[in-house]
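Reviewing the structure listed below.
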Amino acid sequence: MARGPMRVNGLHRPYSGLQVSTWVLLPVLVGGFYGLMVPALDTLERALCVTFYSLFLAVALGAAFKTCAINPVDPRLEKFLLTGVRDPGSAETTFCALDQINVCKTSRHCRFCNKCVLGFDHHCKWLNTCIGTRNYRFFFTTVTAVVGFVAVHFGVAVYLIALYATDRDDLEERVEGGFGGGSHIDIYFAFLVAYTAVLLCVALLMLQLWTFHIYLIYLGLSTYEYIIHEQRREREREHERNNREQEAQAARRRAAARDRSPNPHPKGRASDGGGRYAEAEPIPNPNPNPDPHRTRTRIPARTRTGTRSPTLKDQHLDRGEAAESGGCAGREHQGAGVRGERRRRGQRQARGRGLRGRGQRRGGQPA
């Protein structure tokens, strides 16, 4: 069940401060009209203004009382309060965690009245009751009637002020006829201006409330739904503003990075002279090899006769081989000389044996 006491309607205690102020302000307005303005009107004006004003006032009082007297509670919660039976949930209901009961989908829990209200629109602090499906038409009738009698009231005040500015003698005669011969026109006018200033504030507030609810009726929304919708739109607008700010900051950082770069133009782009950059032609890659870790094969340069000309790499290799073999160059050279001497000696001995053989054959031995 709901926590704490549950208010039944607008006539149930405790009363709110704005509700009490409404009870005080309404007699002031009504008394100012009948006691301050009606005596300054002639017979026909008095009859017309009093008739319309009294009609609007009666409708406003009756509709306001009906609005406050109706209990706008959800019917399922009302049934549970009377019988103690909980309705099972369905597709048309939702669960209220505060009242611990299934209620209509359009019902919302009012924290001021501490109950779920069917078709919740808002909680009116001036009447100290929730406005929902059951009493919304009476609430709108109250607002319309209040706008009506305040409009008549304000119109009469403006008429008397204009009469003071255009025909002061006529207004003075009316005041003396309505209030007695000792009335002073300047004092009356001062009270009239102060009263009209208060009346103007009331008229603007009621006119704003009336036009707002006409707009809601046109949209087919309740006050609660309109507030939720506006909060969602505000979050979306805030998100868009944050995105634009982030993009602007990123653009400023990129511009600052370009300004600090030694290259005045971005990489791969060329300026057209007007501060704009256009895409430049890509620079061809001098190394067509896609693998940067693969070693390219150097083709040795050759002369016209086909002989290879020594390159810088060959000179480095020759010097490296000489440096590596420098320690044993003398021994290798000595060994090569001994082997060559032995080879030449064997060749001489073989030639000597061959010459001796040919001489014996020539000396008389048969071939």
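The values are calculated or read from the model by the stated rules, or taken from the named source; none is laboratory data. Since this is a predicted model, take the numbers as computed values, not measurements. Heads up, the Cβs are rebuilt from the backbone with ideal geometry, glycines too, and the neighbour counts pull from every protein chain shown. SASA here: full protein model, heavy atoms, side chains in, ligands and nucleic acids out. Shrake-Rupley method; radii C 1.70, N 1.55, O 1.52, S 1.80 Å.
Kindly establish whether N9 is polar (S, T, N, Q), touching a strand residue (DSSP E or B) at 6+ places or on another chain (Cβ under 6 Å) and part of a loop (DSSP other than H, G, I, E, B). Yes; evaluated as a whole, the condition is true for this residue.
Residues in region 121-150 that are in a loop (DSSP other than H, G, I, E, B) and either open to solvent by less than 30 Å² (accessible area, probe 1.4 Å) or among the β-branched types (V, I, T) (or both): D121, L127, N128, G132, T133, N135. Do we find a residue being touching a residue at least 40 places away in the same chain (Cβ under 8 Å), under 30 Å from P75 (Cβ atoms) and either open to solvent by 40 Å² or more (accessible area, probe 1.4 Å) or out of contact with any Ser or Thr (no Cβ under 6 Å at 6 or more places or on another chain) (or both) anywhere in region 169-186? No, the conditions are met nowhere in region 169-186. Within region 209-223, one or more residues are modelled with pLDDT of 90 or more, closer than 30 Å to H122 by Cβ, surrounded by 13 or more Cβ atoms within 10 Å (Cβ to Cβ) and touching a His at 6+ places or on another chain (Cβ under 6 Å). Looking only at region 77-85, decide whether some residue is in a loop (DSSP other than H, G, I, E, B), more than 30 Å from F56 (Cβ to Cβ) and of a type in the set (V, I, T). Within region 77-85, one or more residues are in a loop (DSSP other than H, G, I, E, B), more than 30 Å from F56 (Cβ to Cβ) and of a type in the set (V, I, T). Considering region 83-108 alone, what residues qualify as being touching a residue at least 24 places away in the same chain (Cβ under 8 Å) and open to solvent by less than 70 Å² (accessible area, probe 1.4 Å)? Answer for region 83-108, where residues must be touching a residue at least 24 places away in the same chain (Cβ under 8 Å) and open to solvent by less than 70 Å² (accessible area, probe 1.4 Å): L98, D99, I101, N102, V103, C104, S107. Being closer than 30 Å to L163 by Cβ and acidic (D, E) is a description that does not apply to D74. For the condition out of contact with any helix residue (DSSP H, G or I) (no Cβ under 9 Å at 6 or more places or on another chain) and farther than 22 Å from I131 by Cβ, G31 qualifies. Given the structure, is E234 surrounded by 10 or more Cβ atoms within 10 Å (Cβ to Cβ), charged (D, E, K, R) and modelled with pLDDT of 90 or more? Judged against the criteria, E234 is a match.
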